[in-house]
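Structure record follows, encoded as structure tokens.
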Amino acid sequence: MMLNRWMGRQIVKSAMKLSAIWREISILDQLQGYQASWFRFDLAAGLSVAAVSLPTAIAYPAIAGLPIEAGLFATIFSLIGYALLGPSRHLMVGPDTGTCIMLASILTALGAKGPAERELISISLTLVVGCLCFLAGALRLGFLANFLSRPILVGFLAGISISLIIGQIGRMTAVPLEASGLVGPIVELLRRLPEIHWPTFLVGAVTLILLRLSRSWKPGLPAPLLAIVLGVILSAALNLAGHGVAVLGPLPEIAFALAPPSFKSVANIDFLGGALAVMLVGFGSGIITARSFAMKRHRDVEADRELVGFGAANIASGLFGGFPVTASDSRSAVNFAIGGRTQLTALIAATSFGMAVVFVGNILAYLPMAILGAILVSAAIDLIDLREFRTLLQLSPTEFFFAVVTTLGVLIVGVLQGVFISITATLAHLLWTASRPRLALLGRIPGRVGLYKLHRYADARPVAGLTIVVLESILVFFNADFVKHRLMKIAKSAPAGEKWLVLDAAGLNMLDSTGVEKLEEVRRYLAERGISFGLADLNTAVRLMVDRAGLSQRLGEQMIFPSAEAAAAIFEVRDDGAL
């Protein structure tokens, strides 16, 4: 009997564990209640996502100096990884311009030499990025994306886009440029104009013009894919390689195999810093994409679960020889437009993409490199959001300034350094703003109930003999001295005969020991002038700090009020302000 009960409990526990695992594997959860009518949408969306993934899978590895197969692996296996653990039904992941440029910058900073070493470090970096995403998700650190504000991301994307455009000059002109930075390559190209290979330039320029025109004429047209198809056909028919136009050449033999990480490269502080930067930028960019498409479906985004999904995508990519990935705007938009219902779309896209690579890989050997350059330039142009810059300028010149600083930082000092400079500048600005909080005076409006800010209401008048100051900020070590001097200045400029000064602390949600010390200094300063100091509307945590410091005893319980209105009412019923 006892054995049966024990076995029953074990069966229940096992069932609960299996249920928890089932819930963690998102694709299984999504397939529960799957309707047969959804399959045609998932199939159509999957094939379309595979089609639009081909150009970026071929072109983006070149940004980081990696072989094309790295882009193929990253595209296929990241889709599978996110489908297994990613929470969104509609989000598609894959190679991204921002993460690729960030990866290129980190590989250069780490001194990676030669394709083999770059590929090995890239694989290790991708795996570490995936592990960091898992760790951050487990620790519920989804809020980290908040440090990458919209202005920083707008400026970052603009900076890497301009950098990417400059980087394609050599590919579209066949002039190997040696200069780097923003101005150097352009100056060098002007100096070496006679060396331009004009057939190569013509192929790239015409492709770029057609890609840009298609954006206006037919926004939904898979123009990059068509450019690749037409480029292959014309290259083979006209023998462009024979005329000196560089072509892709035959793809290496595709062999999917697990790629173990290089522990030697992992044990490096610069390497770990680079992995953290890729994780932050990739997640920051990806979560914005996730939020935008979730908003269209009137759904919420679970940032911590998205971290787990991105972690699975990166680990799957790294294990099979890919590079860091994040959410893709273009693939997600295609999936959304066609009406994909679940992550079965991603599995169909990965399968069909892999089959296409196996069966048509040799045909891509005819593809001109200038066409890949044009595709990258067109993609980079789309990332420069001039409308967003204009909006920032209209709404907040300060945020516009940070967007411009980020852009220039990326272009002048590098991608990684530019992002860190922007984050540091933003946090410094927030600290500076918080260190100088605004204090407002409250008073009465004749014939009306309540207290009103004197600077906002022209007919508001201060209560004679009583100064009420409202502080809507935390009061801690970096702003306490400023608040102290502002309160002293207010008291000094008060009319003769002032009896009370009450600080309305309704908006004070954090007080530290420095803040308490400064309030005590204010109390002593006012006492020397015959003015009683009071506090109103203290929350539980702040009141506890005031009590522990003994400030409440020195103030007297009679000078601690439930609200500023109560303080005014008590003062007004007394002729002399004495309690």
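The values are calculated or read from the model by the stated rules, or taken from the named source; none is laboratory data. All values derive from a computational prediction rather than experimental measurement. Ideal geometry is used to build each Cβ from the backbone, glycine not excepted, and the neighbour counts take in all protein chains shown.
So residue 348 clears everything in (1) in a helix (DSSP H, G or I); (2) touching a residue at least 60 places away in the same chain (Cβ under 8 Å); (3) under 21 Å from the mean Cα position of the chain (by Cα) except one condition, right? Which one?
The one condition residue 348 does not meet is (3).
Would you confirm whether any residue within the stretch 183-198 is under 27 Å from residue 281 (Cα atoms) and in contact with a helix residue (DSSP H, G or I) (Cβ under 7 Å, 6 or more places away or on another chain)?
Yes: one or more hits.
Somewhere in the stretch 129-144, is a residue aliphatic (A, V, I, L, M), under 20 Å from the mean Cα position of the chain (by Cα), farther than 30 Å from residue 401 by Cβ and surrounded by 19 or more Cβ atoms within 10 Å (Cβ to Cβ)?
Filtering the stretch 129-144 down to residues aliphatic (A, V, I, L, M) leaves 129, 132, 135-136, 138-139, 141, 144.
Adding the requirement that they be under 20 Å from the mean Cα position of the chain (by Cα) leaves 129, 132, 135-136, 138-139, 141, 144.
From the residues that got through so far, the ones that are farther than 30 Å from residue 401 by Cβ too are 129, 132, 135, 138-139.
If we keep only those that are surrounded by 19 or more Cβ atoms within 10 Å (Cβ to Cβ) as well, we get 129, 132.
Yes, there is a match, as at least one residue in the stretch 129-144 is aliphatic (A, V, I, L, M), under 20 Å from the mean Cα position of the chain (by Cα), farther than 30 Å from residue 401 by Cβ and surrounded by 19 or more Cβ atoms within 10 Å (Cβ to Cβ).
Within the stretch 190-285, which helices (runs of 4 or more DSSP H) (wholly inside it) include 2 or more residues that are out of contact with any Leu (no Cβ under 8 Å at 6 or more places or on another chain) and either surrounded by 20 or more Cβ atoms within 10 Å (Cβ to Cβ) or at pLDDT 85 or above (or both)? Please lay out each step first, then the result.
Working: elements: 198-217, 223-238, 263-266.
Output list reads 198-217, 223-238.
Among the residues of the stretch 50-82, which ones are farther than 20 Å from residue 380 by Cα, in a helix (DSSP H, G or I), more than 21 Å from the chain's Cα centre (by Cα) and not acidic (Asp, Glu)?
Answer for the stretch 50-82, where residues must be farther than 20 Å from residue 380 by Cα, in a helix (DSSP H, G or I), more than 21 Å from the chain's Cα centre (by Cα) and not acidic (Asp, Glu): 50, 70, 72, 73, 76, 77, 80.
Of the numbered conditions (1) within 21 Å of residue 57 (Cα to Cα); (2) out of contact with any helix residue (DSSP H, G or I) (no Cβ under 6 Å at 6 or more places or on another chain); (3) surrounded by fewer than 22 Cβ atoms within 10 Å (Cβ to Cβ), residue 96 fails exactly one; give the number of that condition.
Status for residue 96: all satisfied but (3).
Which residues, taken from the stretch 160-210, are within 23 Å of residue 417 (Cβ to Cβ), touching a residue at least 40 places away in the same chain (Cβ under 8 Å) and of a type in the set (S, T, N, Q)?
The answer is 161, 163, 168.
Inspect all residues belonging to the stretch 87-98 and state whether any of them is acidic (Asp, Glu) and outside any loop (DSSP other than H, G, I, E, B). Let's see the steps before the verdict.
Step one: list which residues in the stretch 87-98 are acidic (Asp, Glu), which gives 96.
Right, trim to outside any loop (DSSP other than H, G, I, E, B) and you get none.
No, every residue in the stretch 87-98 fails to be acidic (Asp, Glu) and outside any loop (DSSP other than H, G, I, E, B).
Of all the strands (runs of 3 or more DSSP E) wholly in the stretch 439-544, which have at least 2 residues that are of a type outside the set (A, V, I, L, M) and crowded, with 19+ Cβ neighbours inside 10 Å?
Counting at least 2 such residues, we get 500-504, 532-536.
Would you pick out the residues in the stretch 421-438 that are free of Cβ contacts under 8 Å to residues at least 24 places away in the same chain and of a type in the set (A, V, I, L, M, F, W, C)?
Applying the first criterion (free of Cβ contacts under 8 Å to residues at least 24 places away in the same chain) to the stretch 421-438 yields 421, 424-425, 428, 430, 432-433.
Matches in the stretch 421-438: 421, 425, 428, 430, 432.
Considering only the stretch 359-396, state which residues are in a helix (DSSP H, G or I), more than 17 Å from residue 225 (Cα to Cα) and at pLDDT 80 or above.
Kept after step one, since they are in a helix (DSSP H, G or I), are these residues of the stretch 359-396: 359-366, 369-383, 386-395.
Checking the rest, the ones that are also more than 17 Å from residue 225 (Cα to Cα) come to 381, 383, 386-395.
If the condition is that a residue be in a helix (DSSP H, G or I), more than 17 Å from residue 225 (Cα to Cα) and at pLDDT 80 or above, then 381, 386, 387, 388, 389, 390, 391, 392, 393, 394, 395 are the ones that fit.
Among all residue pairs at least 6 apart or on different chains, which show Cβ distances below 6 Å where the first residue, located in the stretch 108-127, is outside any loop (DSSP other than H, G, I, E, B) and the second is buried (at least 23 other Cβ atoms within 10 Å of the Cβ) and of a type in the set (Phe, Trp, Tyr)?
What qualifies is 122/323; 126/323.
Anything in the stretch 280-292 that is in contact with a Phe, Trp or Tyr (Cβ under 8 Å, 6 or more places away or on another chain) and of a type in the set (A, V, I, L, M)? List them, or say none.
280, 281 - these are the residues of the stretch 280-292 that are in contact with a Phe, Trp or Tyr (Cβ under 8 Å, 6 or more places away or on another chain) and of a type in the set (A, V, I, L, M).
In the stretch 342-391, which residues are of a type in the set (Phe, Trp, Tyr) and touching a helix residue (DSSP H, G or I) at 6+ places or on another chain (Cβ under 9 Å)?
First, pick out the residues of the stretch 342-391 that are of a type in the set (Phe, Trp, Tyr): 353, 359, 366, 389.
Once the filter is applied, which keeps residues that are of a type in the set (Phe, Trp, Tyr) and touching a helix residue (DSSP H, G or I) at 6+ places or on another chain (Cβ under 9 Å), the stretch 342-391 yields 353, 366, 389.
Within the set of pairs 6+ apart or on separate chains, which have a first residue in the stretch 505-533 that is closer than 21 Å to residue 466 by Cα, a second that is outside any helix (DSSP H, G or I) and β-branched (Val, Ile, Thr), and C-beta atoms under 8 Å apart?
Qualifying pairs under 8 Å: 506/470; 507/470; 508/474; 533/502.
Do you know which of the residues in the stretch 145-162 that are assigned to a helix (DSSP H, G or I) and over 13 Å from residue 404 (Cα atoms) is modelled with the highest pLDDT?
First pass over the stretch 145-162, keeping only residues assigned to a helix (DSSP H, G or I): 145-147, 150-162.
Among the residues that remain, those that are also over 13 Å from residue 404 (Cα atoms) are: 145-147, 161.
On the way: 145: 64, 146: 63, 147: 66, 161: 77.
Restricting to residues being assigned to a helix (DSSP H, G or I) and over 13 Å from residue 404 (Cα atoms), the top hit is 161.
Being polar (S, T, N, Q), out of contact with any Gly (no Cβ under 8 Å at 6 or more places or on another chain) and assigned by TED's automatic domain parsing to the domain that holds residue 405 is true for just one of 88, 124, 105, 149. Which residue is that? Outline the logic, then answer.
On the way: 88 fails: out of contact with any Gly (no Cβ under 8 Å at 6 or more places or on another chain); 124 fails: out of contact with any Gly (no Cβ under 8 Å at 6 or more places or on another chain); 105 fails: out of contact with any Gly (no Cβ under 8 Å at 6 or more places or on another chain).
On inspection, the qualifying residue turns out to be 149.
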